[in-house]
Each structure stands twice: as structure tokens, then as C-alpha cells.
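Trainee: Here's a structure for you.
The values are calculated or read from the model by the stated rules, or taken from the named source; none is laboratory data. From a predicted model like this one, the values you see are computed outputs, not experimental measurements. Please note: Cβ atoms are built from the backbone with ideal geometry, for glycine as well, and neighbour counts cover all protein chains shown. In case anyone asks, the SASA skips ligands and DNA or RNA and just uses the protein heavy atoms, side chains included. Shrake-Rupley method; radii C 1.70, N 1.55, O 1.52, S 1.80 Å.
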Amino acid sequence: MSYLKPSFRHPDLPVNDLGYTKKNYEGAISTLCAGCGHDSISSAITQAIFELSIAPHNIAKMSGIGCSSKTPTYFLGNSHGFNSVHGRMPSVATGANMANRDMIYVGVSGDGDTASIGMGQFTHAVRRNVNMMYIVENNGCYGLTKGQDSATSDVGSKSKKGDPNPFEPIDLASIALQLGATFVARSFSGDKEQLIPLIKAAIAHQGFAFIDVVSPCVTFNNNPGSTKGYEYVRDHLAATGTVDFVPMKDEITTSYEAGTSQEVTLHDGSVVHLHKADSRLDIHSRRSALALIKDYKANDQLLTGLLYMDPDSQELHETIQSSNKPLRALTELDLCPGNKVLTSINASLR
Amino acid sequence: MKPTNINDPEYFHKVVDCQLACPAHTPVPEYIRLIAAERYTDAYMVNWASNVFPGVLGRTCDRPCEPACRRGRVDEDEQPVAICRLKRVAADNKNDAEVIARMPKIPATKNDKRIALIGGGPASLTVARDLMPLGYIVDLYDDQPAGGGFMRSQIPSFRLPETVLNDEVNYILDMGVISRFDTYVDSLKDILDKNYDAVFVGTGAPRGRDLIIPGRDEGTDNIHIGIDWLSSVAFEHIEKIGKKVIVLGGGNTAMDCCRSSLRLGSDDVKVIVRSPRSEMKASPWEIDDAEREGIPMFENHVPLEFVIKEGKLAGMRFDRVRAEYDANGKRSLISLGEEPVMVECDDVCIAIGQDNSFPWIERDLGLEFGKWDMPVVDKETFQSTNPKVFFGGDAAFGPENVITAVAHGHQAAVSIDLFLNGKNVQHRLAPGATLVSQKMGIHEWSYDSGVVDDVRYAVPHTEVKLALSDRKMEVELGFDPLTGFAEAQRCLNCDAQTVFTEAKCIECDACVDICPTDCITFTHSGTEAELRTRLSAPANNLDQDLYISTDKLPTGRIMVKDENVCLHCGLCAERCPTAAWDMQKFMYEVSKAGSDSVQLGAEQ
Ligand SMILES: Cc1cc2nc3c(=O)[nH]c(=O)nc-3n(C[C@H](O)[C@H](O)[C@H](O)COP(=O)(O)OP(=O)(O)OC[C@H]3O[C@@H](n4cnc5c(N)ncnc54)[C@H](O)[C@@H]3O)c2cc1C
Ligand SMILES: Cc1ncc(C[n+]2csc(CCOP(=O)(O)OP(=O)(O)O)c2C)c(N)n1
Ligand code: SF4
Ligand code: SF4
Ligand code: SF4
Ligand code: SF4
Ligand SMILES: [Mg+2]
């Protein structure tokens, strides 16, 4: 019996800039069903954060309720975390972010957690451009409660229970675009080559970075007739192109053919490079992204990859001009600056 | 790259590193599990079938399996499983009566074929062990008073108690071998004239090298050839040695000579070697044991002369040197040009190597001799150019060790059996191999798949002072059963193979994500060298194979598993939703003389 993962790792594992190996970014052994797409996403997050050389204690994992929302236990075991009430992760994450802007926020949610009970919360986090990565592990069902259809399930899609879903799906990527999200992408749990650079770009992005990751539920929604199973997704996958994330410290060495690529330089100097598979996409245009999502869907294809990025994104702290320092770093002197300052404030209001 | 053919028994054999490295291919993980299950007699018999002398080898084996052991390479700080000392746990705790009851039955009516074995060491005894149950009549000639060869005459009792040796030699002699001890064979022709149907030469490498430098003749009373001296000690012709002893040489014979000297009355023993210490040939643990007894080792001292005073050996003079290596790594010893160093002594043991010698083999018997006056022997069949005469052990290709002699003996027995049945000795049975699923239920395997963190356990030793007081007192004490269990649990069960069925795989990546040592990758095909550059983790150990599937996966990619540091933890199989991975026990058995094991390699 091995509920325990052996403590040995590959002896030649690479180390990152902090001298850590991937092991330092792992979490507890997963208790999800064997083969659940969510585990692959956990592994992609682990790999991306390792590669970004972020100190684990500078990260806070935020989640709601669901199999997907359980996953923060299974990655970044040395980071902070908050497992909130069902659908309430966005407000808790907003609060945490307001209190400490120095932390990196990794939000993980499910299609149920986000598109049903948490829809109201989600929209406001998007709208406010909270500085965080927000991943929806989208399996088209409520996995944790035994596979009921979720709001992202396609019309006619059948889960293991066998009844076709009668309702129109909510396309979370489109909603995020409409609500003003400043980074929007879609991916598939079975495609780490695409997912890992997207996660890195999302983390580096200043503002709300949304990734809708289709992630099959092997137990309740991986049957013939489901549009969110491994086979169906693989057969209907299309991509906007391949994404390279080049951290600020690295030199850009690849050369790209003109017209087929688009580049975004982030606030920290790192560069996101999209090598386009479809030249119609302009990643700085919401309209182009929305249109293409629709076009592909009309052809029964699921468009993945980077969809939209706003390089001039202004995150919530900038908008409301909050303290530059995390609240915990504010001293008594910062908070009660004394009579002189009060007098000058009062004077300014006269 | 071509998909891996897992039906070739050699593929998974390579994955069981210890078994592959063992010259007799002992199924190590199988016996280690039996020890953990307290099934000591079963563990002993698994050993006995392969290596014939588990009690002897559990104490003295050269253990080529241990440097090969996977456990030793999964982490910088990891040491191999104590494979050798676990073997001893099986031998120490077996039920003797049951072992005797489980010995092969010897046919009462013999076939009419007679075989002569010359030399009574492990090679000859193994031939006897394999051929007696087939009804052959076996005569064994040895010039010593009892069987065992060098195991008796060379390996000192403080490393190998006589009772242990006697038991294991007797298991074989008691099969009805006709032993002719105290009989030196001085003519192979005479033996052949006795109309034996086959002759096996297992006479070892019985000539110790001498050191001819000034003073050698005058000092001869106190200058001993190491292996001759050790055998005189073993047979109690010599019972003491001078107070000050110099042992020349850095191999295992030197270690046995110096430690024996300490037990025969010397209180100042020095081991002196020509070259740097790092080049000493002795096994590291033998050097450790000698040092634990307080014996100093001096390096880079080239002997110049034996110093004689008043007609008696008084010491030796050495030239101090340093080693230099040329571009090809060839070493030369350069004199420091200093005054020679005088080391006083009463006796010297020369332990600088042994050679074969076949003065008793006539050169007109159709038995060809080649380089260095060694017989021409086929590496696989052990047949000489006289088809009736076979060689094995140290006599075949020069000095090795007990387990190699055993491995040779098994193969020579196969050849003799084929030969005497009128079959081609080149047409040997393929090894027997089986693969059996170990799945018992969810999270349940029929082996302990968990990987413990324990570091290698050290075997306890008799306290030095006590050990030195008695030449026959065993120094190493062996693991007690509890420590034996704990050490056994360190074994990774490398014979529990990961077997992949592409038709079942849905490419969910669960196995890739869970694998603690990043063994598994799904990727597009390529050449091996190129594939090795883009796997989940570096795949730099070229001795270890890549397990490669066909491209019949849903995405047309291939599955590549680097076998190098797989922990055989079974997590890939546990996390696979479709049982595309299964853990299957691989049994590999070298075909023995008369063995009717199925030729799985050909069949599957
Ligand atoms: C000091 C020393 C320590 C060793 N320690 C170890 C150890 O710890 N572990 C290990 O694995 N190996 C050890 N070895 C090596 C090991 O003993 C040999 O490799 C092994 O015994 C070889 O087996 P064999 O069957 O080929 O011949 P041997 O064991 O050498 O047996 C040959 C026998 O044939 C007899 N013989 C030779 N010529 C004739 C003849 N013409 N007529 C009749 N009889 C003859 C010899 O007297 C001897 O009894 C050691 C060797 C030495 C010298
Ligand atoms: C307030 C509240 N309502 C309902 C539930 C029951 N519940 C638990 S998980 C879940 C749905 C989870 O679906 P999703 O977010 O898609 O996660 P998945 O398990 O599919 O990954 C529901 C309805 C709950 N825990 N709390
Ligand atoms: S029920 Fe579905 S979503 Fe939940 S762990 Fe199992 S496979 Fe994953
Ligand atoms: S871990 Fe066990 S099975 Fe593997 S090589 Fe070592 S002893 Fe053999
Ligand atoms: S048994 Fe499977 S999971 Fe365990 S180390 Fe080997 S390949 Fe990896
Ligand atoms: S866990 Fe099983 S189904 Fe999934 S990729 Fe591995 S072998 Fe294939
Ligand atoms: Mg869901």
C-alpha cells in the first residue's frame, strides 16, 4: 500500500534560481480520483512556479469548494492557503490581496464554484481587476457532489448519468472578456506544454489573469457523449498558437516570422510571445477574442491558448491608490502620523 | 525508435540490477522479500538453487550486486541494500532439517556416465550439485584433506566458520559424490585413461607469486608466500608468526594475511604496497576490517631488498615513490630519490597475486593452450579444445571469486549434460522468465510497495580484543532478525516491473504527475539519443534502458519510461484510471543442467 509518496526524487533534478528543486513546490499526495484532470493542473502549477523561482512563502493559494478547490492541498505545500466557502473565494482573495499586495495570489476554482454559486463574486473580482491568477478547473460537472451537470456543460452533453444537458452553457472566457478581464486564456489539463507558459504569463501579469482549463472528470464526465472528456476534447482542440514566456532576466533568442507573432512586454520586463496559429487573432482586442471563440465553437472546436492581454492593465491597488506597503508592514507612526499631519489634512479640506 | 520488446527476458532482467550483476543471477529481491516474511528456509533455498553456498557467500561474497544496486543511485547519500549480509540472515535462521529434506532427490539407479571433477572448490562442487540429481556418477579429486577448495584453505575461519562451510560442502558430497581427497592429480592423461565420459577441471589458481629481490634466499625461512601460508594456517601446520610482520600487497589475500598474523602472535603488522592506496585491490570492507583491528597501511613503497642480519631476516628496505599517470591513464612509479626506508620485521608475507599453473596437464591431449599458458576455453560453454574436458572457476580464465566459480560450474554442468546426451553444447536453453500481476485490490499489491527512508544498517562486529584472542572467532556477527527485516525493507523490489499497455491508456498524465522520480514522459517519437534530451527528468545513465511504447496512443505520441531511478513504488499503476500500468513480478531463472524450464523468451 502506498498512500505515501516515497521521499526520493530524481537525483539530477534541476534547481531554480533560489536553489530549490520541484520537490520544494510539491504538496501532499492527491486524494482525487486516479486520472482526474485536476491533478495535471496541480502539476502544471507546481512546475510553472518552480520555473519562475518564486519563494513558496510569497504565495497564497485561494480556493472555494469542489474537487478542484481541494487541489491547493496537493501543490505548493510550503505556501499559504485559504480554503473558503463554496463560491466565495473571489471575495476572500480580494480581501487578502488588499491587506497584502506583496503576495502572489493563486486562485483555483471549479466550474460549479465559479459559474454557479460563485458567479456574483467572480464577476466583481474580474471587474475590479484584482491582481491574481484565477484558474477554473472546468469539467462541466459538480465532481465533488457526484457529477451533476454544471453551468458550463454544453447543450446535449451527457454525463455518466446519461441525460443530455438541456441548458445553454456559460462560456467563462467570454464572460471574463466582457467583464473587462485584463488577461484571458483557455487551456486543457492534458496539454502541459501549453498550460505551463500560460500560468507563468498569468502570474507575471499585473491584474486579474483568468485561465479556463478544461479538465476532465474521469469518474462522472469522461464517457462517450460528454463534451468534456479526454477523447472529445482532444478531438476538438484548436489553439490560438504557442506561447513563450521569457522572464525578464533571460534574453530573447528565438526569432519569429513577421506577421505570425505578437509580443507583450509586462510591467516587470518579462515578455509573453504568442506564435500565432490563426492570424485573425489580435491579443490586444477583446472583440477579436470574443469573435474567434464563437467562430471556433460554431465549428465544434474548442479554442485554447492565449486569447487576450491588456499590457496597460491597472490593477485594483493602483485604481484605488491604496498603501504601497502591505498592511502588516505599516507601523504605528504610519497609521497615526500625529497632530502635524492631521492639521495639514484638515487645512487641505478647508 | 523501436518499441521495447518486453517479452525478451533480458529487457526486464536488466531492470533487476542486482540480479543482472550477480554472476549466478540470484533472484535477489525474491529472497529479500522472503526474509522480510520470516520465511528463512524458503529464502535460503531460493539462494541455494542459484548460488549453492548461501552461508559462505552471505559472509564472504565479493558482492558485485551491491555496487549495481538501484538503491545506491536513487540519491547521493543512499547506500545499496546490504544484499550480501541479508543472504546470511537467511542462512543463519533457516531450519536445517527442512533444508536437508528439500535437497534434490538423487536417483538410486545411475545412468552409465562417469564424470571426473579435478579440484574440490566451488566450481567443481557446483558441477556435482547440478549433475548428481541427473543420475551421473561423479568422482571428485582434490589434494586437500576436505572439500571446499580455497573456501577452506584460504578464507580464514574468522571470516568463515568451518561449520558453515562444512554444512554447505556436505549438502553436495552427501548426494553421493565419490570423493578422493588428499589426491593430487599429476596427469590429466591418467584421468582420461580411466575412461571418464567427461572431465571438469576446477583446480583454481593455486600458485602464489614470489618476489625475487636480494635477500630472498637467505631469508626464506621467514618469508612466506601468502596463499601457501594461509593454507598452512587453515590446516594448522603453522600456529604462530613473529612479533613484527610485513605483509606485501594490497589485495584481499594481503588483508587475510595481516589479520591472520595478528591472531598468530604478531603485535606489529604493517601492510606495505608499491602504489597509491587508492589503487589497492582489496574490497573496501576488507580494508575497513583490517584497519578496525589497528593495522596500518603504507603506500608508495617499492621493495628493494630483504635485509639479512646474522643469517636471519631482519627487515626490508623500500624505495619511496610517487605515482604519475600519462594521458592514457597508464601509471608509472617515480622514485622520490630519498634514502631507502628500512622497516624492521621478523616475518614477511608476500601477497602480490596468484597464477594458474597446469604442470599436470600433458600438452599432447588435444587440449590447446593459448596466451599466458592458459587453456583455450569457450566463454559460454566452458569446453576446452578437447571436447571431453571442461574448465571452470579460477582455472578457466584466472582468479576471480566464489560466486563466479559457481556461475561457471552451472554452465559447465549444462554443457556436460548436453555433451553426454549427444547434443550440441552451443544449443543452450534460454532462461526461464515469467511476468505475473501483483495487483490485489485498490492500493494493494502483493509486495510492500512503500519505500522506506532507513539508511543502510551496519552489521555488528565482535569486539576487537576478543576477536583477536581466537583465530577462529567470527568477527562479523550478522544481522539479528529484526535488523534483517528493517534492512530487507530497504529493497525497492526492482523485479516488480512496470508493464504498460498502450491500448488502455487515455493519456490523462496521472502517472506522469505522480511519479516521484519523473520516470515517465509522453512525447513524440525520436531517436534514443535525442529522446533522452527531452524527457521529464535528465536521462543520463546510458546503462539503463528506455522503455518505449508504440505510437498507438490516442494522440499518436509514445510513452517513454527511463528505467534508471524507478522506485518500483507502484504509484503510476495506482493512479492510472484504466490500469494501463500494472506492476508485474518478473522471475528470471538461468537454465540449469537438465532444467525443463519453459523457453518463455521464445514462446510469448
Ligand atoms: C586469500 C584468499 C581469500 C579469498 N577470499 C575470498 C572471499 O572472501 N570471497 C570470494 O568470493 N572469493 C575469495 N577468494 C577467491 C576464491 O577463493 C576463489 O576465486 C574460488 O575459491 C575459486 O574456486 P574454484 O572452484 O575455481 O577453485 P578453488 O577454490 O581454488 O579450488 C581448487 C582446488 O583444487 C585443488 N587442486 C589444484 N590443483 C589440483 C590437482 N592437480 N589435483 C588435485 N587437486 C588440485 C586445490 O588445492 C583446491 O582445493 C579468496 C582467495 C584467496 C587466495
Ligand atoms: C454553500 C454550499 N452549497 C453547496 C455545496 C455542495 N457542493 C460541494 S462541491 C459542489 C460543486 C462543486 O463543483 P465544481 O466547483 O465544478 O468542482 P469540481 O468538484 O467539479 O471540481 C457543491 C454544489 C456546498 N459545499 N456549499
Ligand atoms: S469526482 Fe471527478 S472531479 Fe472529482 S476527483 Fe474524481 S474525477 Fe476529479
Ligand atoms: S533495491 Fe533490491 S531489487 Fe533493487 S537492485 Fe537493490 S537489492 Fe536488487
Ligand atoms: S513505479 Fe511508477 S511511479 Fe513509482 S517510480 Fe517507477 S515509474 Fe515512477
Ligand atoms: S495514468 Fe494511465 S491512462 Fe493516464 S497517462 Fe498514465 S498510463 Fe495513460
Ligand atoms: Mg466541476
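Trainee: Provide the per residue accessible area, probe 1.4 Å, for the stretch B:239-391, rounded to a whole number of square angstrom.
Mentor: Details: 7400 Å² over 153 residues.
For the stretch B:239-391, the per-residue accessible area is 48 Å².
Trainee: Still on this structure: Rounded, prolate or oblate: which one fits the stretch B:206-280, using the alpha carbon gyration tensor with axes a ≥ b ≥ c (rounded when a/c is under 1.5, else prolate when a/b beats b/c, else oblate)?
Mentor: Working: a/c = 1.39, a/b = 1.17, b/c = 1.18.
Rounded is the answer for the stretch B:206-280, as its axis ratio a/c remains below 1.5.
Trainee: Right, another one. How much length, in nm to one decimal, is gained on full extension between B:ARG207 and B:LEU482, taken as 0.36 nm per residue of separation minus their Cα-Cα distance?
Mentor: 94.7 nm
Trainee: Still on this structure, I have one more. May I ask you to derive the relative contact order of the stretch A:85-165, considering only C-alpha pairs under 8 Å and at least 6 residues apart, and to give it as an integer percent? List each step's numbers first, then the result.
Mentor: On the way: 109 pairs, mean separation 22.5, N = 81.
Reported relative contact order: 28 percent.
Trainee: Right, another one. B:HIS461 to A:VAL85: FRET efficiency via 1/(1 + (r/R0)^6), r the Cβ-Cβ distance, R0 51 Å, to the nearest 0.05?
Mentor: Details: r = 63 Å, r/R0 = 1.23.
About 0.20, to the nearest 0.05.
Trainee: State the answer as a single residue: which of B:VAL451, B:ALA433, B:VAL376 lies farthest towards the positive end of the charge dipole of the stretch B:359-491, with beta carbon charges of +1 for Lys and Arg and -1 for Asp and Glu, about the Cα centre.
Mentor: The listed residue farthest towards the positive side: B:VAL376.
Trainee: Just check the stretch B:468-604 against the gyration tensor rule for me: Cα atoms, a ≥ b ≥ c as the square roots of the eigenvalues, rounded for a/c under 1.5, and otherwise prolate or oblate depending on whether a/b exceeds b/c.
Mentor: On the way: a/c = 2.28, a/b = 1.78, b/c = 1.28.
The shape class here is prolate.
Trainee: Another question, if that's okay. By how many degrees, 0 to 90 and rounded to 10, does the Cα axis of helix B:40-51 deviate from the longest principal axis of chain B?
Mentor: 70
Trainee: Going by average Cβ density within 10 Å per residue, which order do the peptides B:12-21, A:78-87, A:198-207 take, highest to lowest? Mind showing how you got there, number by number?
Mentor: On the way: B:12-21: 22.6, A:78-87: 17.7, A:198-207: 24.9.
Highest-to-lowest ranking by the protection proxy: A:198-207, B:12-21, A:78-87.
Trainee: How much length is gained if the chain between B:MET1 and B:ASP174 is pulled fully straight, taking 0.36 nm per residue apart and subtracting their Cα-Cα distance, in nm to one decimal?
Mentor: On the way: separation 173, 0.36 × 173 = 62.28 nm, distance 5.39 nm.
Value of the extension gain: 56.9 nm.
Trainee: Counting only heavy atoms of the protein chains, get the accessible area per residue of the stretch B:532-581 (1.4 Å probe) and round it to a whole Å² value. It would help to have the intermediate numbers written out before the result.
Mentor: Numbers: 1630 Å² over 50 residues.
I get 33 Å² per residue for the stretch B:532-581.
Trainee: In addition: Given the convex hull of the Cα atoms of the stretch A:80-173, what is a quarter of its surface area in nm²?
Mentor: Details: hull surface 24.8 nm².
For the stretch A:80-173, the mean projected area of the Cα convex hull comes to 6.2 nm².
Trainee: Out of the total accessible area of the stretch B:209-353 (probe 1.4 Å, heavy atoms of protein only), what percent is carbon and sulfur? Could you put the intermediate results ahead of the total?
Mentor: Values: 3250 of 6980 Å².
Here carbon and sulfur together make up 47 percent of the probe-accessible area.
Trainee: Once the dipole of the stretch A:263-308 is set up with Lys and Arg at +1 and Asp and Glu at -1 on Cβ about the Cα centre, which of A:LEU274, A:TYR308, A:SER288 lies farthest towards its positive end?
Mentor: Sorting the options by dipole projection puts first A:SER288.
Trainee: Continuing with the same structure: Using only Cα atoms, find the angle between the long axis of helix A:119-128 and the longest principal axis of chain A, and express it within 0 to 90 degrees, rounded to the nearest 10.
Mentor: That works out to roughly 50 degrees.
Trainee: Output the relative contact order of chain A, whole-number percent, from Cα pairs under 8 angstrom with separation of 6+ residues. Walk me through the numbers before you get to the answer.
Mentor: On the way: 724 pairs, mean separation 52.8, N = 350.
Computed value for chain A: 15 percent relative contact order.
Trainee: Cα extents of the stretch A:22-320 along the three principal axes, largest first, in whole Å?
Mentor: So the three principal-axis extents are 51, 42, 37 Å.
Trainee: Which residues of the stretch A:217-242 bury at least 20 Å² of accessible area once all protein chains are present, versus their chain alone (1.4 Å probe)?
Mentor: Flagged in the stretch A:217-242: A:TYR230, A:ARG234.
Trainee: Considering every residue in A:11-24, what mean count of other chain Cβ atoms within 10 Å of its Cβ is obtained?
Mentor: Values: counts 12, 8, 4, 2, 0, 0, 0, 0, 0, 0, 0, 2, 1, 0.
For peptide A:11-24, the averaged partner shielding equals 2.
Trainee: Now a separate question. Output needed: percent of Cα pairs per 10 Å distance bin for the stretch A:194-333, bins running from 0 to the one holding the longest distance.
Mentor: For the stretch A:194-333, the pair-distance distribution reads 10, 32, 30, 18, 8, 2, 0.
Trainee: Please list, in order along the stretch B:399-411, the HN-Hα scalar couplings obtained from phi with the Karplus expression 6.51 cos²θ - 1.76 cosθ + 1.60 (θ = phi - 60°), rounded to whole Hz, x for Gly and Pro.
Mentor: The phi angles translate into x, 10, 7, 5, 5, 5, 4, 5, 4, 4, x, 4, 5 Hz.
Trainee: Follow-up question, since we're still on this one. How much accessible area does B:SER591 have with a 1.4 Å probe, in Å² rounded to the nearest 10?
Mentor: For B:SER591, solvent-accessible area is about 10 Å².
Trainee: Figure the gain on full extension for B:VAL376 and B:LYS330 (residue separation times 0.36 nm, minus the Cα-Cα span) and round it to one decimal in nm.
Mentor: Going from the current span to full extension adds 13.7 nm.
Trainee: Once both labels are modelled 7 Å past Cα along the beta-carbon direction, what's the B:HIS427-A:ASP312 spacing in nm?
Mentor: So the two model labels end up 8.8 nm from each other.
Trainee: If you don't mind, another one. Determine Rg/Rh for chain B; Rg is computed over alpha-carbon atoms and Rh is the Kirkwood hydrodynamic estimate from the same atoms. Don't skip to the answer; put the middle values down first.
Mentor: Values: Rg = 26.6 Å, Rh = 26.5 Å.
My calculation of the ratio gives 1.00.
Trainee: Right, something else. Report, in cubic angstrom per residue, the convex hull volume of the C-alpha atoms of the stretch B:151-276. Don't jump to the answer; show the numbers that get you there.
Mentor: Working: hull volume 20.3 nm³, N = 126.
Looking at the stretch B:151-276, the number lands at 161 Å³ per residue.
Trainee: Right, here's the next one. For helix B:252-263, report the angle its Cα long axis makes with the longest principal axis of the Cα atoms of chain B; keep it between 0 and 90° and round to the nearest 10°.
Mentor: Taking the Cα atoms of chain B, the angle to B:252-263 is about 60 degrees.
Trainee: About its Cα centre, what dipole magnitude does the stretch A:22-320 give when the only charges are +1 on Lys and Arg Cβ and -1 on Asp and Glu Cβ, stated in debye to the nearest 20?
Mentor: That gives a dipole near 740 debye.
Trainee: To continue, here is another question. Using just the helices of chain B, give the 222 nm mean residue ellipticity in deg cm²/dmol: DSSP H runs with n ≥ 4 each add -39,500 (n - 2.57), and the total is spread over all residues, rounded to 500. Intermediate values should be presented prior to the final figure.
Mentor: Details: 23 runs with 178 residues, N = 604.
Result for chain B, helices only: -8000 deg cm²/dmol.
Trainee: Quote the FRET efficiency, to the nearest 0.05, computed for B:ASP543 versus A:LYS340 with a Förster distance R0 of 56 Å and r equal to the Cβ-Cβ distance.
Mentor: Values: r = 76 Å, r/R0 = 1.36.
Efficiency, from the Cβ-Cβ distance: 0.15.
Trainee: Tell me whether the stretch B:342-491 comes out rounded, prolate or oblate; compute the Cα gyration tensor, take square roots of the eigenvalues as a ≥ b ≥ c, and use a/c under 1.5 as the rounded threshold. Intermediate results must be reported in sequence, preceding the final value.
Mentor: On the way: a/c = 3.51, a/b = 1.19, b/c = 2.96.
Oblate, since a/c reaches 1.5 and b/c is not below a/b.
Trainee: To the nearest 100 Å², how much accessible surface do chains A and B hide from each other in total, with a 1.4 Å probe? Please list the in-between numbers first.
Mentor: Details: alone 16940 and 26090 Å², together 40370 Å².
When A and B are taken together, about 2700 Å² of accessible area is lost.
Trainee: What is the projected area of the convex hull of the Cα atoms of the protein assembly as shown, averaged over all directions, in nm²?
Mentor: Values: hull surface 215.3 nm².
Computing the convex hull of the Cα atoms and averaging its projections yields 53.8 nm².
Trainee: What are the residues of the stretch B:498-528 that lose 10 Å² or more of accessible area, with a 1.4 Å probe, going from their chain alone to all protein chains?
Mentor: By number: B:ILE506, B:GLU507, B:CYS508, B:ASP509, B:ALA510, B:ASP513, B:ILE514, B:PRO516, B:THR517, B:ASP518.
Trainee: In addition: Take peptides A:157-168, B:30-41 and line them up by average Cβ neighbours within 10 Å, highest first, as a rough protection proxy.
Mentor: Details: A:157-168: 14.8, B:30-41: 21.2.
The peptides rank, most packed first, as B:30-41, A:157-168.
Trainee: Could you give P(r) for the stretch B:14-92, binned at 5 Å from zero, as whole percent values over all Cα-Cα pairs?
Mentor: Spelled out per bin, shortest first, that is 3, 18, 29, 25, 16, 6, 2.
Trainee: I would also like to ask the following. Do any residues of the stretch B:439-463 show a loss of at least 30 square angstrom of accessible area between the isolated chain and the full protein assembly, using a 1.4 Å probe, and if so which?
Mentor: The answer is B:HIS443, B:VAL451, B:ASP453.
Trainee: Oh, and also: Can you give the Rg to Rh ratio for the stretch A:1-160, taking only C-alpha atoms and Rh from Kirkwood? Don't skip to the end; give the middle numbers.
Mentor: Working: Rg = 16.4 Å, Rh = 16.5 Å.
Rg divided by Rh gives 0.99.
Trainee: Take the solvent-accessible surface of the protein heavy atoms, probe 1.4 Å, and return the percent of it on the stretch A:139-255 that carbon and sulfur atoms account for. Working shown, then result.
Mentor: Values: 2510 of 4720 Å².
Ligands and nucleic acids excluded, carbon and sulfur give 53 percent.
Trainee: On to the next question. In whole Å and largest first, what semi-axes does the C-alpha gyration tensor of the stretch B:209-353 yield when each eigenvalue is scaled by 5 and square-rooted?
Mentor: Numbers: eigenvalues 116, 74, 33 Å².
Equivalent-ellipsoid dimensions as semi-axes: 24, 19, 13 Å.
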